[in-house]
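The structure appears below as structure tokens.
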Amino acid sequence: MRLRVSLEAAEPVMIPINYQEYLTAIVYGLLDKSDADYARFLHDEGYPTDDGARRFKMFCFSWLRGRCSPAPPQMLRYAPGVIDWIIASPVEQFLQNIAIGLLASETLRVGPATLRIQAIDSLTPPQFFETMRFTCQSPIVASVRNERGTRYLRATDPGEFSQAVRTNLLRKHQVLHGKPPLDDRLEVRFDPAFIERDKYAGAKKVTAHGIDIIGVYAPFAVTGSAELIEVGYQCGFGEKNASGFGMIALT
């Protein structure tokens, strides 16, 4: 399920361009207002795979959606009006605690900006099919690791990118349902026309916690298991979902 938080800026506000870590902190702060033990569990531990090799937070969130423009140095200037923020998770306990935390709050502080909570809405999920088209509401991160370190994949690495996303979603499905999906196919294909005309070929670099992360921010089609697509829609596609990556929306 998804919650849309409508925030209001009464006047122009300035927010650091790499603000995603502020949103992550807000999520844990809202959870802490409702259930401090759950907030601590999710932050420190998360939901493990059967072999304990991976732990997932099982939530994702969008970037802020409002009228904004770049402003030096490394800031975004948001115009007065509504700024939407969407939080998603398949875990009922998470959503209940987030909702309670939001209802107990009048404002949210994103870096130096204080935004008033205007409304909180529950969004009805779509039907999931074997072929669907999406846009990114935050970049999708996929990577491979070797002795040299981490290499972030790009839209120009379609085979590797698809496989990395598929493997990640299979692990999330196993954590959520305790078993693999009946259909384990998944292929991600970024819009070739968009990739060709975009000067960065869909690549988006973001600095989070002092680390440069490269994701893909482009329209895409996904084909394969409707079960895996649903997991990606609710938990996030790719890696680092709890840090502000991998949220998608239907086109």
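The values are calculated or read from the model by the stated rules, or taken from the named source; none is laboratory data. Keep in mind that this is a model prediction, so the values were computed, not measured. Every residue, glycine among them, receives a Cβ derived from its backbone with ideal geometry; neighbour counts consider all protein chains shown. We work out accessible area using only protein heavy atoms, side chains counted, and drop any ligands, DNA or RNA first. Shrake-Rupley method; radii C 1.70, N 1.55, O 1.52, S 1.80 Å.
Ignoring ligands, DNA and RNA, what percent of the accessible area of the stretch 159-251 is carbon or sulfur (1.4 Å)?
After summing per-atom areas, the C and S share lands at 53 percent.
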Practice task
Classify the stretch 1-125 as rounded, prolate or oblate from the Cα gyration tensor: take a ≥ b ≥ c as the square roots of its eigenvalues, call it rounded if a/c is under 1.5, otherwise prolate when a/b beats b/c and oblate if not.
Solution key: prolate
Fill in the blank from the handout: So for the stretch 128-251, using the alpha carbon gyration tensor with a ≥ b ≥ c as root eigenvalues (a/c under 1.5 gives rounded; past that, a/b versus b/c decides prolate or oblate), I'd call it oblate
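Taking a ≥ b ≥ c as the square roots of the Cα gyration tensor eigenvalues, with a/c under 1.5 meaning rounded and otherwise prolate when a/b beats b/c, else oblate, which class fits the chain?
Here the chain falls in the oblate category.
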Problem - Leading residue at positive end of dipole, the stretch 24-98 (Cβ point charges), from TYR28, TYR47, LEU64 - result: LEU64
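So what is the 222 nm mean residue ellipticity for the chain from helices alone, if each DSSP H run of at least 4 adds -39500 (n - 2.57) and you divide by all residues, rounding to the nearest 500 deg cm²/dmol? Before the final figure, lay out the partial values.
Details: 6 runs with 72 residues, N = 251.
The helix-only estimate for the chain comes to -9000 deg cm²/dmol at 222 nm.
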Practice task
Would you calculate the separation in nanometres between label points at ILE17 and ALA221, each defined as 7 Å from the Cα along the Cα-to-beta-carbon direction?
Solution key: 3.4 nm
Problem - the chain: relative contact order in percent, alpha carbon pairs under 8 Å with at least 6 residues between - result: 28 percent
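When the accessible area of the stretch 1-122 is computed with all protein chains present and a 1.4 Å probe, what percentage of it is carbon and sulfur? Don't jump to the answer; show the numbers that get you there.
Numbers: 3000 of 5940 Å².
Of all accessible area on the stretch 1-122, carbon and sulfur atoms account for 50 percent.
Quick one: accessible area per residue over the stretch 1-146, 1.4 Å probe, rounded to a whole number of Å²? Write out the running numbers ahead of the final one.
Details: 7210 Å² over 146 residues.
Using a 1.4 Å probe on heavy atoms only, each residue of the stretch 1-146 averages 49 Å².
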Exercise for the section: Whenever you get a sec, line up CYS68, CYS235 from highest to lowest accessible area (probe 1.4 Å, protein heavy atoms). Expected result: CYS68, CYS235
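Please tell me which of these pairs span more than 21 angstrom C-alpha to C-alpha: LYS199/LYS240; LYS172/LYS240; LYS33/LYS240; LYS57/LYS204?
LYS199/LYS240; LYS33/LYS240; LYS57/LYS204
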